[in-house]
Amino acid sequence: MQKLQELAKLIRYFILLSTTEAGSGHPTSSLSAVELMTVLFFDGILRYDLKNPENPANDRVIFSKGHASPLFYSLFAAADAVSVDELKTLRKFGSKLEGHPTMEFPYTQVPTGSLGQGLSVGLGMALNAKYLEKIPATVYVLLGDSEIAEGSVWEALEIAKYYKLNNLVGILDVNRLGQSRETLDGHDVKTIAKKIASFGWEVITVNGHSIPQIQKAFAQAKKSKDASVKDAPVMIVAKTFKGRGVSLLEDKDNWHGKPLNKEQFESAVKELGNINQKLRGTILKPKPIKSKQQKTKTVPMQNYKEGEMVATRKAYGTALARIVSMKPEAVVLDAETSNSTFSAKGRDVDPNRFFEMFIAEQNMVGVAVGLSRVGKIPFISTFAAFFSRAFDQIRMSQYSNSNVKFIGSHSGVSIGEDGASQMGLEDIAMFRTIFGSVVLYPSDGVSTEKVIEEATQHVGNVYIRTTRMDTPVLYKNSDTFPIGGSKTLKSSTKDVVTVIGAGVTLHEALKAYEALKQEGIEIRVIDLYSIKPLDVKTLKKAAKETKALLTIEDHFVQGGIGEAVKSALSEESTPVFSLAVEKMPRSGKPQELLDYEQISSGAIVKKVKEIKNRK
């Protein structure tokens, strides 16, 4: 008990030291959770191998309240894994100790900072431990009371209970004060506890500064897990005070994100009393587990016949079933649309590697990031339009070095009668903005299967856009579709214009080719299946050999294929024209809508003639 109290005092000192040296940071949000995390780390609860952060047997600790990073780093300093000198580099350029935890710091499970996401990531890791790896690891997630206003937290709460994740422990730091005012429920921990309990969690309320109460709470959480009686996740709801231990700061408003100056720091250190700066705590190592042999096998691709009508969304399901059969690390998530996205085919191969996320896309993306961080390859699918709801989670995934395969079906106006609310028309733009992402848009069964293979082999986030309507098979099973490539389907020395399509518009471009050929006008047709990265070499060749380039896309103009091509050819003199969705979409037959938006073969023919006749 005395050592824990002394460690808590040391950690408070480290928090104040690092933030004062930085001249910025969040000391008050860190100080409130000191006792909670000191007990977790140094009272024999956490099992973590400091010398091997990637040890699969490790328990996981996620700071969903990422602004409490000074506490996060100070805990590892108290464990003798970070030096005091390094603590003093907090928030400085080049330091691993960034303003919010990132992957630069070796003990970070997932970057946080955008609130309300850590519990979803922890859920993914807990699913992996309980159902996939079947290991005794526990996942601990520190949350702040401000962030539980986020809907994604409650999405995670209900799914965690649905999957009976008794290896998931939330630690809710109820310190009452948010950034600009008191939080929704303030210090009413009873109301907060009732809300969480109503989602089926076992809730333990404690004084978050009482070490004995915290010890008892963690012991109860462990007992619940070991007994497997309730089969429920546990939330420790702790009443705390922001800025605890420093009278200038404690429970005082308007101190969020503000450090002490040098004079205030000296005063606060005196208030803390005698600090044993040589004291260090011990984190226990996990018991070794036997590593599983991951066996892979080869499954032949379905034999597609040229001209056969196959929706690319269905071809995705067929490809996914094959990937699940071949790759033990492949995991499938779906937002209760599996009969439309055809991810159900992956479930049919191995139900144990399929997790239903229901209509909760934000949580689904967070869970996928968690699975990715523990070595799985998650394939997650929903209608392309609905990924926009989870864009913040997608945005944060880029900082996790995640390896998630996003599949958006029902893209564009070509979905038809369902109408504008169901049409993914912003998705290409959205995923193109993600650092290091790959964006692929296959047009037939063969190219879909092949890009799914490529996505599986690629390490990093990949977005694959699929189409609702059936389209004819264009390619041979032996054709290849490397990331960053394209396919030139029609070409001659007499080509006037290069027409660039992808997905459904490629088929419209081929119809236009036949119509124009009848009139003696030759065009080049390129399948730009890889939208990011682009096949710039082929595009530049076309720019040199034809009068103009014309992109056709079932997507809004902003951020789509046309803008991608124009950017890539910005130094070329050859003009680039675009046909895209520029009218408010509405319900109708797919072909009617393609005609209405002027992205069908008739519009292509008209535009090519217009370009041909330009002086």
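The values are calculated or read from the model by the stated rules, or taken from the named source; none is laboratory data. In this text, all values refer to a predicted model and were calculated from it rather than measured experimentally. Here Cβ is always computed from backbone atoms with ideal geometry, including for glycine, and neighbour counts include all displayed protein chains.
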Note to self: Given the options LYS88, LYS65, name the one that is in the same structural domain as GLY124 (by TED's automatic domain parsing), of a type in the set (Lys, Arg) and more than 26 Å from ASP253 (Cβ to Cβ).
What the structure shows: LYS88
Margin query: Conditions first: (1) in contact with an Asp or Glu (Cβ under 6 Å, 6 or more places away or on another chain); (2) surrounded by fewer than 24 Cβ atoms within 10 Å (Cβ to Cβ). LYS517 passes all but one, so which condition is the exception?
Written below: (1)
Note to self: Tell me the residue from SER447, SER402 that is among the small types (Gly, Ala, Ser), buried (at least 24 other Cβ atoms within 10 Å of the Cβ) and more than 18 Å from the chain's Cα centre (by Cα), please.
What the structure shows: SER447
Check: Taking SER372, is it part of a strand (DSSP E or B), buried (at least 20 other Cβ atoms within 10 Å of the Cβ) and either of a type in the set (Gly, Ala, Ser) or not assigned by TED's automatic domain parsing to the domain that holds SER411 (or both)?
Finding: no
Checklist line | Residues being in a helix (DSSP H, G or I), exposed (fewer than 14 other Cβ atoms within 10 Å of the Cβ) and modelled with pLDDT under 95 - total across region 223-263 | finding: 3
Check: In this structure, does LYS164 turn out to be of a type outside the set (Ser, Thr, Tyr), under 26 Å from MET357 (Cβ atoms) and either surrounded by fewer than 18 Cβ atoms within 10 Å (Cβ to Cβ) or in contact with a Cys (Cβ under 7 Å, 6 or more places away or on another chain) (or both)?
Finding: yes
Notebook entry, point to check: Looking at this structure, is LEU16 buried (at least 24 other Cβ atoms within 10 Å of the Cβ) and either aliphatic (A, V, I, L, M) or modelled with pLDDT under 95 (or both)?
Noted result: yes
Check: Considering VAL374, VAL438, VAL413, which residue is touching a residue at least 12 places away in the same chain (Cβ under 8 Å), over 26 Å from ARG322 (Cα atoms) and touching an Asp or Glu at 6+ places or on another chain (Cβ under 9 Å)?
Finding: VAL413
Checklist line | Filter result for the condition that a residue is closer than 21 Å to GLN109 by Cα, of a type in the set (D, E, K, R) and either in contact (Cβ under 8 Å) with a residue 60 or more places away in the chain or not in a loop (DSSP other than H, G, I, E, B) (or both), over LYS305, LYS287 | finding: LYS287
Notebook entry, point to check: Of all residues in region 590-615, which are closer than 22 Å to ASP427 by Cβ and part of a loop (DSSP other than H, G, I, E, B)?
Noted result: GLU597, GLN598, ILE599, SER600
Check: How many of the residues in region 95-117 are touching a residue at least 40 places away in the same chain (Cβ under 8 Å) and either out of contact with any helix residue (DSSP H, G or I) (no Cβ under 7 Å at 6 or more places or on another chain) or not assigned by TED's automatic domain parsing to the domain that holds GLU158 (or both)?
Finding: 1
Checklist line | Residues located in region 95-117, provided they are among the β-branched types (Val, Ile, Thr), surrounded by 24 or more Cβ atoms within 10 Å (Cβ to Cβ) and within 14 Å of TYR73 (Cβ to Cβ) | finding: THR108, THR112
Notebook entry, point to check: Looking only at region 407-430, which residues are over 10 Å from ARG468 (Cα atoms), crowded, with 24+ Cβ neighbours inside 10 Å and hydroxyl-bearing (Ser, Thr, Tyr)?
Noted result: none
Next item on the list: Starting from region 541-564, take each residue that is surrounded by 24 or more Cβ atoms within 10 Å (Cβ to Cβ) and list its partners that are of a type in the set (Asp, Glu), counting only C-beta distances under 6 angstrom and pairs at least six apart or across chains.
Entry: GLY560/GLU553; ILE561/GLU553
Check: Listed residues ILE428, ILE407; which is among the β-branched types (Val, Ile, Thr), touching a His at 6+ places or on another chain (Cβ under 8 Å) and modelled with pLDDT of 95 or more?
Finding: ILE428
Margin query: Suppose we keep only residues that are touching a residue at least 60 places away in the same chain (Cβ under 8 Å) and either among the hydroxyl-bearing types (Ser, Thr, Tyr) or not in a strand (DSSP E or B) (or both) within region 565-588. Which one would you say is nearest to VAL497 (Cα to Cα)?
Written below: VAL565
Next item on the list: Please work out which residue is modelled with the highest pLDDT, limiting yourself to region 276-304 and to residues that are exposed (fewer than 15 other Cβ atoms within 10 Å of the Cβ), closer than 30 Å to ILE45 by Cα and among the aliphatic types (A, V, I, L, M).
Entry: LEU279
Notebook entry, point to check: For region 19-46, which residues satisfy the criterion of being touching a Gly at 6+ places or on another chain (Cβ under 6 Å) and over 30 Å from LYS287 (Cβ atoms)?
Noted result: THR19, HIS26, THR28, LEU31
Item checked: Candidate set: region 378-399, residues that are within 12 Å of the chain's Cα centre (by Cα) and in a strand (DSSP E or B); chosen: the one nearest to VAL110 (Cα to Cα) -> PRO378
Margin query: With the requirement that a residue be closer than 13 Å to GLU449 by Cβ, of a type in the set (Lys, Arg) and crowded, with 19+ Cβ neighbours inside 10 Å, what does region 464-486 give you?
Written below: none
Next item on the list: Given the conditions (1) crowded, with 24+ Cβ neighbours inside 10 Å; (2) of a type in the set (D, E, K, R); (3) more than 22 Å from SER114 (Cβ to Cβ), report the number of the one that GLU6 does not fulfil.
Entry: (1)
Note to self: Every residue in region 400-421 that is farther than 28 Å from PRO585 by Cβ and either assigned to a helix (DSSP H, G or I) or acidic (Asp, Glu) (or both), please.
What the structure shows: SER400
Margin query: Residues that are modelled with pLDDT under 95 and within 21 Å of LYS376 (Cβ to Cβ), at least 3 per element: which helices (runs of 4 or more DSSP H) completely within region 58-174 meet that?
Written below: none
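The rows are residues; the columns are (1) buried (at least 18 other Cβ atoms within 10 Å of the Cβ); (2) in contact (Cβ under 8 Å) with a residue 40 or more places away in the chain; (3) touching a Lys or Arg at 6+ places or on another chain (Cβ under 9 Å).
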site: LEU40; (1), (2), (3): yes, yes, no
site: GLY44; (1), (2), (3): no, yes, no
site: ALA78; (1), (2), (3): yes, yes, yes
site: PHE93; (1), (2), (3): no, no, no
site: LEU119; (1), (2), (3): yes, yes, no
Note to self: Just to check your reading of the model, which residue among LYS252, LYS258 is in contact with a Ser or Thr (Cβ under 9 Å, 6 or more places away or on another chain), under 30 Å from SER83 (Cβ atoms) and outside the structural domain of PHE383 (by TED's automatic domain parsing)?
What the structure shows: LYS258
